[in-house]
Amino acid sequence: MNKLDSGDMYTVIANYPKQFATGLRSAEVIQLSSDIDKVVIVAAGTNALMAKVITEVFESNIKTPFIIHPGDESPVSLTNKTLVVAIDLTGKWASALSTLENAHKIGCQIVVVTSGQKAEVFAREKGLPLVLTPGSLTNIPERMLSGYVLSVLVQLLINCRVLEVGARLRILKAIEVINQLYLVQQAKQIVDLIKGYLLLVYAHPNYSTIIEMAKIKFNLNCKLPSFASTIPEVIQNEAAGFNVIKNLRTTALIFDDTAKSEVSSLEMEKLTNYLTKFNIKYLTIPLPGNNKLEKILGSMLLTDWISYWLALSMNVDPTPTPILDNSVLK
(Lines give C-alpha, C1' and ligand atoms only; values in the text may rest on other atoms or scores of the structure.)
Protein backbone atom coordinates (compact mmCIF):
# COMPACT_ATOMS: atom_id res chain seq x y z
CA MET A 1 0.00 0.00 0.00
CA ASN A 2 1.28 3.48 -0.88
CA LYS A 3 2.34 5.38 2.25
CA LEU A 4 0.18 8.33 1.16
CA ASP A 5 -2.90 6.11 0.91
CA SER A 6 -3.83 5.85 4.60
CA GLY A 7 -7.27 4.39 3.92
CA ASP A 8 -6.10 1.92 1.25
CA MET A 9 -8.35 3.55 -1.31
CA TYR A 10 -6.60 1.54 -4.02
CA THR A 11 -8.28 -1.60 -2.68
CA VAL A 12 -11.60 0.22 -2.23
CA ILE A 13 -11.64 1.21 -5.90
CA ALA A 14 -10.36 -2.17 -7.07
CA ASN A 15 -13.26 -3.81 -5.19
CA TYR A 16 -15.84 -1.34 -6.51
CA PRO A 17 -17.42 -3.89 -8.93
CA LYS A 18 -18.07 -6.23 -5.98
CA GLN A 19 -20.26 -3.59 -4.32
CA PHE A 20 -23.08 -4.25 -6.77
CA ALA A 21 -23.62 -7.90 -5.89
CA THR A 22 -23.32 -6.97 -2.20
CA GLY A 23 -26.00 -4.30 -2.53
CA LEU A 24 -28.38 -6.58 -4.39
CA ARG A 25 -28.00 -9.28 -1.73
CA SER A 26 -28.45 -6.78 1.11
CA ALA A 27 -31.81 -5.57 -0.21
CA GLU A 28 -33.34 -8.70 -1.70
CA VAL A 29 -34.80 -9.86 1.65
CA ILE A 30 -36.79 -6.62 2.13
CA GLN A 31 -40.48 -7.30 1.48
CA LEU A 32 -42.44 -4.38 0.08
CA SER A 33 -45.99 -3.80 -1.13
CA SER A 34 -46.49 -2.91 -4.78
CA ASP A 35 -49.57 -0.83 -3.92
CA ILE A 36 -47.80 2.55 -4.00
CA ASP A 37 -48.62 5.92 -5.54
CA LYS A 38 -45.05 7.23 -5.73
CA VAL A 39 -41.47 6.51 -4.71
CA VAL A 40 -39.58 9.17 -2.75
CA ILE A 41 -35.82 8.69 -2.38
CA VAL A 42 -34.43 10.82 0.47
CA ALA A 43 -30.76 11.26 -0.38
CA ALA A 44 -28.01 13.82 -0.87
CA GLY A 45 -24.60 14.01 -2.54
CA THR A 46 -23.38 10.87 -4.28
CA ASN A 47 -26.37 8.89 -2.97
CA ALA A 48 -28.77 11.26 -4.74
CA LEU A 49 -26.69 10.90 -7.90
CA MET A 50 -27.21 7.13 -7.78
CA ALA A 51 -30.96 7.67 -7.62
CA LYS A 52 -30.57 10.00 -10.58
CA VAL A 53 -28.76 7.26 -12.50
CA ILE A 54 -31.85 5.08 -12.09
CA THR A 55 -34.07 7.76 -13.62
CA GLU A 56 -31.61 8.22 -16.50
CA VAL A 57 -31.12 4.54 -17.31
CA PHE A 58 -34.45 2.93 -16.39
CA GLU A 59 -36.80 5.85 -17.01
CA SER A 60 -38.82 4.05 -19.69
CA ASN A 61 -39.40 1.12 -17.31
CA ILE A 62 -40.52 3.18 -14.29
CA LYS A 63 -44.30 3.56 -14.35
CA THR A 64 -44.63 4.96 -10.82
CA PRO A 65 -43.80 8.63 -10.07
CA PHE A 66 -40.18 8.74 -8.85
CA ILE A 67 -38.94 11.67 -6.77
CA ILE A 68 -35.45 12.40 -5.42
CA HIS A 69 -35.85 14.46 -2.25
CA PRO A 70 -32.82 16.25 -0.73
CA GLY A 71 -34.30 16.13 2.77
CA ASP A 72 -33.49 19.73 3.62
CA GLU A 73 -36.53 21.30 1.96
CA SER A 74 -40.27 21.19 2.60
CA PRO A 75 -41.43 17.58 2.40
CA VAL A 76 -43.02 16.43 -0.84
CA SER A 77 -46.66 15.36 -0.74
CA LEU A 78 -46.79 12.00 1.05
CA THR A 79 -49.63 9.55 1.53
CA ASN A 80 -49.99 6.19 3.21
CA LYS A 81 -49.32 4.63 -0.19
CA THR A 82 -45.99 6.39 -0.71
CA LEU A 83 -42.78 4.38 -0.56
CA VAL A 84 -40.05 6.40 1.17
CA VAL A 85 -36.46 5.13 0.91
CA ALA A 86 -34.09 7.10 3.15
CA ILE A 87 -30.38 6.69 2.41
CA ASP A 88 -28.30 7.91 5.33
CA LEU A 89 -25.07 5.93 5.45
CA THR A 90 -23.71 8.01 8.33
CA GLY A 91 -26.89 7.44 10.33
CA LYS A 92 -26.71 10.99 11.67
CA TRP A 93 -28.25 13.12 8.92
CA ALA A 94 -30.73 15.33 10.78
CA SER A 95 -32.79 16.27 7.71
CA ALA A 96 -33.28 12.61 6.78
CA LEU A 97 -34.43 11.77 10.30
CA SER A 98 -36.89 14.64 10.24
CA THR A 99 -38.33 13.44 6.92
CA LEU A 100 -38.54 9.88 8.28
CA GLU A 101 -40.48 11.03 11.33
CA ASN A 102 -42.95 12.89 9.12
CA ALA A 103 -43.32 9.92 6.75
CA HIS A 104 -43.91 7.55 9.66
CA LYS A 105 -46.66 9.77 11.09
CA ILE A 106 -48.41 9.75 7.72
CA GLY A 107 -48.14 5.96 7.49
CA CYS A 108 -45.85 5.73 4.48
CA GLN A 109 -44.12 2.49 3.58
CA ILE A 110 -40.52 3.19 4.64
CA VAL A 111 -37.12 1.59 4.10
CA VAL A 112 -34.02 2.89 5.89
CA VAL A 113 -30.61 2.34 4.30
CA THR A 114 -27.82 3.11 6.77
CA SER A 115 -24.68 1.92 8.54
CA GLY A 116 -26.13 2.49 12.01
CA GLN A 117 -26.36 5.38 14.49
CA LYS A 118 -29.62 7.31 14.91
CA ALA A 119 -31.12 6.12 11.62
CA GLU A 120 -30.78 2.48 12.66
CA VAL A 121 -32.21 3.21 16.11
CA PHE A 122 -35.22 4.96 14.55
CA ALA A 123 -35.85 2.06 12.14
CA ARG A 124 -35.65 -0.57 14.87
CA GLU A 125 -37.84 1.38 17.29
CA LYS A 126 -40.53 1.81 14.64
CA GLY A 127 -40.17 -1.71 13.24
CA LEU A 128 -39.22 -0.44 9.77
CA PRO A 129 -37.46 -2.43 7.04
CA LEU A 130 -33.73 -1.82 7.42
CA VAL A 131 -30.80 -2.29 5.02
CA LEU A 132 -27.60 -2.18 7.08
CA THR A 133 -24.28 -1.58 5.39
CA PRO A 134 -22.28 -4.84 5.62
CA GLY A 135 -19.25 -4.84 7.89
CA SER A 136 -16.91 -5.15 4.91
CA LEU A 137 -18.04 -1.70 3.71
CA THR A 138 -18.48 0.22 6.96
CA ASN A 139 -15.02 1.86 6.97
CA ILE A 140 -15.28 3.04 3.36
CA PRO A 141 -16.01 6.76 2.79
CA GLU A 142 -19.63 7.32 1.81
CA ARG A 143 -18.63 8.89 -1.50
CA MET A 144 -16.94 5.62 -2.49
CA LEU A 145 -20.04 3.43 -1.96
CA SER A 146 -21.98 4.42 -5.07
CA GLY A 147 -22.07 0.87 -6.47
CA TYR A 148 -23.58 -0.45 -3.26
CA VAL A 149 -26.17 2.34 -3.03
CA LEU A 150 -27.24 2.02 -6.67
CA SER A 151 -27.74 -1.73 -6.44
CA VAL A 152 -29.65 -1.48 -3.13
CA LEU A 153 -32.03 1.01 -4.74
CA VAL A 154 -32.47 -1.12 -7.85
CA GLN A 155 -33.27 -4.21 -5.78
CA LEU A 156 -35.76 -2.33 -3.57
CA LEU A 157 -37.54 -1.05 -6.67
CA ILE A 158 -37.66 -4.60 -8.01
CA ASN A 159 -39.10 -5.79 -4.69
CA CYS A 160 -42.03 -3.38 -4.96
CA ARG A 161 -42.41 -4.04 -8.70
CA VAL A 162 -41.54 -0.51 -9.79
CA LEU A 163 -38.72 -2.10 -11.82
CA GLU A 164 -38.73 -5.50 -13.51
CA VAL A 165 -36.24 -8.13 -12.38
CA GLY A 166 -34.35 -7.58 -15.64
CA ALA A 167 -32.91 -4.39 -14.14
CA ARG A 168 -30.86 -6.55 -11.77
CA LEU A 169 -29.50 -8.58 -14.67
CA ARG A 170 -28.60 -5.41 -16.56
CA ILE A 171 -26.62 -4.15 -13.58
CA LEU A 172 -24.67 -7.40 -13.23
CA LYS A 173 -23.95 -7.61 -16.95
CA ALA A 174 -22.72 -4.01 -17.03
CA ILE A 175 -20.30 -4.73 -14.19
CA GLU A 176 -19.07 -7.85 -15.97
CA VAL A 177 -18.26 -5.75 -19.04
CA ILE A 178 -16.58 -3.01 -16.97
CA ASN A 179 -14.40 -5.63 -15.28
CA GLN A 180 -12.86 -6.41 -18.65
CA LEU A 181 -11.77 -2.83 -19.30
CA TYR A 182 -8.26 -1.58 -18.55
CA LEU A 183 -9.40 1.49 -16.65
CA VAL A 184 -6.51 1.56 -14.14
CA GLN A 185 -3.90 2.04 -16.86
CA GLN A 186 -6.10 4.46 -18.80
CA ALA A 187 -6.48 6.58 -15.67
CA LYS A 188 -2.70 6.67 -15.16
CA GLN A 189 -2.20 7.89 -18.72
CA ILE A 190 -4.82 10.61 -18.26
CA VAL A 191 -3.23 11.76 -14.99
CA ASP A 192 0.12 12.17 -16.72
CA LEU A 193 -1.57 14.70 -19.02
CA ILE A 194 -3.58 16.66 -16.43
CA LYS A 195 -1.53 16.79 -13.21
CA GLY A 196 -0.77 20.32 -12.13
CA TYR A 197 -3.83 21.75 -13.85
CA LEU A 198 -7.13 23.24 -12.68
CA LEU A 199 -9.84 20.90 -13.98
CA LEU A 200 -12.98 21.65 -15.97
CA VAL A 201 -15.23 18.61 -16.50
CA TYR A 202 -17.79 18.48 -19.30
CA ALA A 203 -20.27 16.05 -20.85
CA HIS A 204 -23.58 16.12 -22.68
CA PRO A 205 -26.73 16.37 -20.49
CA ASN A 206 -27.48 12.65 -20.91
CA TYR A 207 -24.37 11.98 -18.86
CA SER A 208 -24.59 14.79 -16.30
CA THR A 209 -24.22 12.32 -13.41
CA ILE A 210 -20.73 11.45 -14.63
CA ILE A 211 -19.44 14.99 -14.37
CA GLU A 212 -21.26 15.68 -11.10
CA MET A 213 -19.63 12.60 -9.59
CA ALA A 214 -16.25 13.53 -11.10
CA LYS A 215 -16.38 16.97 -9.48
CA ILE A 216 -17.09 15.41 -6.07
CA LYS A 217 -14.22 12.92 -6.43
CA PHE A 218 -11.72 15.57 -7.57
CA ASN A 219 -12.83 17.86 -4.74
CA LEU A 220 -12.73 15.25 -1.96
CA ASN A 221 -10.11 12.74 -3.10
CA CYS A 222 -7.66 15.22 -4.62
CA LYS A 223 -8.67 18.25 -2.50
CA LEU A 224 -8.65 20.04 -5.84
CA PRO A 225 -11.13 22.73 -6.98
CA SER A 226 -12.84 21.65 -10.18
CA PHE A 227 -15.79 22.84 -12.22
CA ALA A 228 -18.41 20.72 -13.98
CA SER A 229 -21.03 21.63 -16.56
CA THR A 230 -23.02 20.14 -19.40
CA ILE A 231 -21.89 21.10 -22.89
CA PRO A 232 -24.87 23.33 -23.82
CA GLU A 233 -24.59 25.08 -20.46
CA VAL A 234 -20.87 25.72 -20.74
CA ILE A 235 -21.24 27.17 -24.23
CA GLN A 236 -24.09 29.45 -23.19
CA ASN A 237 -22.71 30.62 -19.85
CA GLU A 238 -19.39 29.29 -18.59
CA ALA A 239 -17.47 30.12 -21.77
CA ALA A 240 -17.89 33.79 -20.88
CA GLY A 241 -15.35 33.20 -18.11
CA PHE A 242 -12.73 31.50 -20.26
CA ASN A 243 -10.98 34.82 -20.80
CA VAL A 244 -10.32 35.05 -17.05
CA ILE A 245 -8.70 31.61 -16.76
CA LYS A 246 -6.85 31.55 -20.07
CA ASN A 247 -3.54 32.32 -18.35
CA LEU A 248 -4.01 29.65 -15.66
CA ARG A 249 -2.88 26.04 -16.00
CA THR A 250 -6.28 24.66 -16.90
CA THR A 251 -7.40 21.43 -18.53
CA ALA A 252 -10.90 20.50 -19.70
CA LEU A 253 -11.85 16.83 -19.45
CA ILE A 254 -14.61 16.15 -21.97
CA PHE A 255 -16.45 12.86 -21.50
CA ASP A 256 -17.64 12.13 -25.01
CA ASP A 257 -20.22 9.65 -26.27
CA THR A 258 -19.08 8.47 -29.69
CA ALA A 259 -22.69 7.67 -30.60
CA LYS A 260 -23.66 11.33 -30.63
CA SER A 261 -26.06 13.17 -32.93
CA GLU A 262 -25.18 15.76 -35.54
CA VAL A 263 -26.41 18.51 -33.19
CA SER A 264 -24.19 17.37 -30.32
CA SER A 265 -21.25 17.10 -32.75
CA LEU A 266 -21.71 20.77 -33.60
CA GLU A 267 -21.88 21.65 -29.91
CA MET A 268 -18.69 19.70 -29.25
CA GLU A 269 -16.91 21.48 -32.09
CA LYS A 270 -18.04 24.85 -30.79
CA LEU A 271 -16.78 24.04 -27.31
CA THR A 272 -13.36 22.83 -28.46
CA ASN A 273 -13.04 25.93 -30.65
CA TYR A 274 -13.71 28.11 -27.59
CA LEU A 275 -11.14 26.22 -25.55
CA THR A 276 -8.54 26.49 -28.29
CA LYS A 277 -9.20 30.21 -28.73
CA PHE A 278 -8.40 30.83 -25.06
CA ASN A 279 -5.41 28.46 -24.97
CA ILE A 280 -7.16 26.04 -22.61
CA LYS A 281 -5.89 22.50 -22.93
CA TYR A 282 -8.56 19.83 -23.37
CA LEU A 283 -8.67 16.06 -23.32
CA THR A 284 -11.51 14.06 -24.85
CA ILE A 285 -12.32 10.84 -22.97
CA PRO A 286 -14.53 8.31 -24.82
CA LEU A 287 -17.15 6.83 -22.52
CA PRO A 288 -16.19 3.22 -21.78
CA GLY A 289 -18.85 0.58 -22.45
CA ASN A 290 -21.46 -0.33 -25.04
CA ASN A 291 -24.71 1.11 -23.65
CA LYS A 292 -25.76 3.96 -21.37
CA LEU A 293 -25.60 1.98 -18.12
CA GLU A 294 -22.14 0.60 -18.91
CA LYS A 295 -20.92 4.03 -19.97
CA ILE A 296 -22.14 5.71 -16.78
CA LEU A 297 -20.78 3.06 -14.41
CA GLY A 298 -17.56 2.64 -16.38
CA SER A 299 -16.93 6.39 -16.47
CA MET A 300 -17.52 6.67 -12.73
CA LEU A 301 -15.00 3.90 -12.06
CA LEU A 302 -12.54 5.55 -14.45
CA THR A 303 -13.04 8.84 -12.58
CA ASP A 304 -12.33 7.09 -9.27
CA TRP A 305 -9.01 5.84 -10.64
CA ILE A 306 -8.16 9.24 -12.10
CA SER A 307 -8.85 10.97 -8.78
CA TYR A 308 -6.77 8.34 -6.95
CA TRP A 309 -3.67 8.58 -9.14
CA LEU A 310 -4.02 12.35 -9.39
CA ALA A 311 -4.14 12.68 -5.59
CA LEU A 312 -0.97 10.63 -5.20
CA SER A 313 0.77 12.66 -7.92
CA MET A 314 -0.01 15.76 -5.83
CA ASN A 315 1.27 14.09 -2.62
CA VAL A 316 -2.29 14.11 -1.26
CA ASP A 317 -3.86 11.33 0.79
CA PRO A 318 -7.15 10.58 -1.07
CA THR A 319 -9.09 9.24 1.91
CA PRO A 320 -9.37 11.83 4.73
CA THR A 321 -11.53 14.92 4.35
CA PRO A 322 -10.70 16.98 7.46
CA ILE A 323 -13.11 19.82 6.71
CA LEU A 324 -16.06 17.44 6.39
CA ASP A 325 -14.94 15.13 9.19
CA ASN A 326 -14.84 18.04 11.65
CA SER A 327 -18.00 19.70 10.37
CA VAL A 328 -20.97 20.21 12.65
CA LEU A 329 -23.09 18.99 9.74
CA LYS A 330 -21.79 15.48 10.42
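The values are calculated or read from the model by the stated rules, or taken from the named source; none is laboratory data. As the structure is a prediction and not an experimental result, all values here were calculated from the model. Because the Cβ atoms are built from the backbone with ideal geometry, glycine has one as well, and the counts that use them run over all protein chains shown.
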Got a number for residues in the stretch 79-93 being surrounded by 20 or more Cβ atoms within 10 Å (Cβ to Cβ) and not β-branched (Val, Ile, Thr)? 6
Please work out which residue is surrounded by the fewest Cβ atoms within 10 Å (Cβ to Cβ), limiting yourself to the stretch 209-249 and to residues that are closer than 30 Å to residue 47 by Cβ and of a type in the set (Phe, Trp, Tyr). 227
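Do we have any residue at all in the stretch 26-35 that's of a type in the set (A, V, I, L, M) and in a helix (DSSP H, G or I)?
Just the residues of the stretch 26-35 that are of a type in the set (A, V, I, L, M), to begin with: 27, 29-30, 32.
Keeping just the survivors that are in a helix (DSSP H, G or I) gives 27.
Yes, some residue in the stretch 26-35 is of a type in the set (A, V, I, L, M) and in a helix (DSSP H, G or I).
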In the stretch 46-163, which helices (runs of 4 or more DSSP H) lie fully inside it and hold 2 or more residues that are without any contact (Cβ under 8 Å) to a residue 60 or more places away in the chain and in contact with a strand residue (DSSP E or B) (Cβ under 7 Å, 6 or more places away or on another chain)? 94-106, 117-126
Which residue pairs have Cβ atoms under 7 Å apart, sit 6 or more places apart or on different chains, and have a first residue in the stretch 215-232 that is under 18 Å from residue 280 (Cα atoms) and a second that is part of a loop (DSSP other than H, G, I, E, B)? 230/204; 231/204
All but one of (1) at pLDDT 90 or above; (2) of a type in the set (Lys, Arg); (3) within 24 Å of the chain's Cα centre (by Cα) hold for residue 281, so report the exception by its number. (3)
Which of the helices (runs of 4 or more DSSP H) contained wholly in the stretch 193-268 include at least 2 residues that are closer than 27 Å to residue 12 by Cα and out of contact with any helix residue (DSSP H, G or I) (no Cβ under 8 Å at 6 or more places or on another chain)? 208-221
